[in-house]
């Protein structure tokens, strides 16, 4: 008894340390389950502490964002006109980019249908605010203001417009924990955009993103885009993850290389994120409508080309790139002083945002449309070239940019 | 009630705190700790719960109270991370025990002593966390970034000094 009273302090310390060591061992020994990363007791403790912190964090976030929002709204008004013009220009540029991609999208859909490949699209999402952090740089986790009541579940992907940021870990009734991609226990299946190499990107203890399961390959260069591959069943395919920053040999894991990736999203300054709550194999409704519209315009454009109609005025900027674009941009995009473009009557305008080759002025056997369709050809037999349709007389203004 | 001879530092300078302060200061430290890095990720360098642990440990001068205070604050911190529960709990209960044990022997009201205590315990916690994660949890690739931890210790010390002066007002002599 005297022993216990004499060494009371040390015994208490040893007992507390021992209890926590056993608790650690039990937690580490558990088989990892993605949907339930903690045991019931541990989850309960996390729930209690999070429930204690969440109201204060939510209030502080509300007050802080209110003050900041009021000031930034006032400042934003100063630049709203300029910003509006910039957005209009950006919209016009994106229309052209979209037109360039429609043909690829349609081809991709045909190939996917042929291969019975099931693509996953974002079917539903929930916007959530970041209200707190984990408080330590050894655990890169954030607390979100939405929880199970908003339909969130563990392992749901979380993104921003810039790219992937992480996935949900624990989901509580009114809040949830977002595990960032650069946490040392986090990772995602990725694909390198140009080399099409598949890999796994992981976080490091210092909060960086790193690919460590690829061997040396001279094709991988800094600046290459890294996208989600969809292989991890968490993140939909094709979302931006980051950019290759540097490649160096990994001395601890030879012959693998250490590829450092700069995250596409700013993981250290997140305010608002998008939780992907639903993935579906069909395109979302709005996207389907857009695609149908684009397909219709494409068909109209093809028909117009066959009929030899003049190209609409909106296509002028794209002609330099060998593309025929037309769309709903109300004014010609050319600078003042350029040759005026004669716009076709509205009822005759194909109005499609679809690229198509310009009819050749002097067609030869390599010109588009000269070769007969493959179904009409016989292997080994010679064929007479199909006489191309006479090229429609192009307005002068369309030749001017060339 | 225990008889006091008032011949030791422990009996002369042993303080207690109002229950509300005992509860609210660690809670406030944890709340600020999770909210400050949202303003700037550099503020994640600070460890306000550690400062609270050191303050209560050296003021109470009771190793048992220091151990338990450190363990509770550390466990609460762990619950907000994705680490297993107990990593910070173990590190902080050792810090609490050491703080209370040292507080019995030296004058912890002195400014230079406080500087040394905060700097030393911050470094000690960094080493403990590294040892727990590297060897107890077996996390590969863990390295102790000495410069980073040195800066963290300096930052904690700089923040702890004014905080200690402020919290001194809540002390009650037993």
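None of the figures in this text is laboratory data; all of them are computed from the coordinates on show. What you see is a predicted model; the values in this text were computed from it and never measured. So basically every Cβ, Gly included, is an ideal-geometry build from the backbone, and we count neighbours across all protein chains shown.
Among the residues of A:10-16, the average count of other protein chain beta-carbon atoms within 10 Å of the residue beta-carbon is 6. Ranked by how many other Cβ atoms sit within 10 Å of their own Cβ, fewest first, the residues B:130, B:121 fall in the order B:130, B:121.
Across B:156, B:88, B:110, mean-square fluctuation computed from a Gaussian network of chain B (C-alpha pairs under 10 Å connected) peaks at B:110. Annotation: peptides A:146-157, A:69-80, ranked by per-residue average of other Cβ atoms within 10 Å with the highest first, follow the order A:146-157, A:69-80. Between B:65, B:20, B:158, the residue with the greatest mean-square fluctuation in the GNM of chain B (Cα pairs under 10 Å linked by springs) is B:20.
Neighbouring Cβ atoms from other chains, within 10 Å of the Cβ of residues in B:127-139, number 2 on average. Principal axis analysis of the Cα atoms in the range A:187-298 yields extents of 55, 34, 23 Å, listed in decreasing size. Only Cα pairs under 8 Å and 6+ residues apart enter the sum, and on that basis the relative contact order of chain B stands at 25 percent.
The alpha-carbon atoms of the range A:68-212 define a convex hull whose volume equals 184 cubic angstrom per residue.
From least to most packed, judged by other beta carbons within 10 angstrom and beginning with the fewest, A:96, A:141, B:166 follow the order B:166, A:96, A:141. The overall shape of the range A:123-280 is prolate: from the C-alpha gyration tensor, with semi-axes ordered a ≥ b ≥ c, the ratio a/c is 1.5 or greater and a/b exceeds b/c. Note on the range A:1-111: Rg/Rh from C-alpha atoms, Kirkwood Rh, equals 1.35. The fewest-to-most ranking of B:15, B:97 by surrounding Cβ atoms within 10 Å reads B:15, B:97.
Here residue A:248 and residue A:21 are evaluated by their C-beta separation; at R0 = 41 Å the FRET efficiency comes out at 0.65. Mean-square fluctuations from a GNM of chain B, with a 10 angstrom spring cutoff on Cα atoms, peak among B:48, B:32, B:136 at B:136.
For the pair residue A:200 and residue A:370, label points projected 7 Å from Cα toward Cβ lie 5.4 nm apart. In this simple spin-label model, placing a label point 7 Å from the Cα along the Cα-to-Cβ direction at both residue A:28 and residue A:217 gives a separation of 3.4 nm. Placing one equal scatterer on every Cα of the range A:155-211 and applying the Debye formula, the log10 ratio I(q)/I(0) at q = 0.30 Å⁻¹ is -1.19.
Classified by the C-alpha gyration tensor, the range B:16-165 has a rounded form. Its axis ratio a/c, with a ≥ b ≥ c, is below 1.5. Peptide B:86-95 is shielded by partner chain Cβ atoms: per residue, an average of 5 of them sit within 10 Å of its Cβ.
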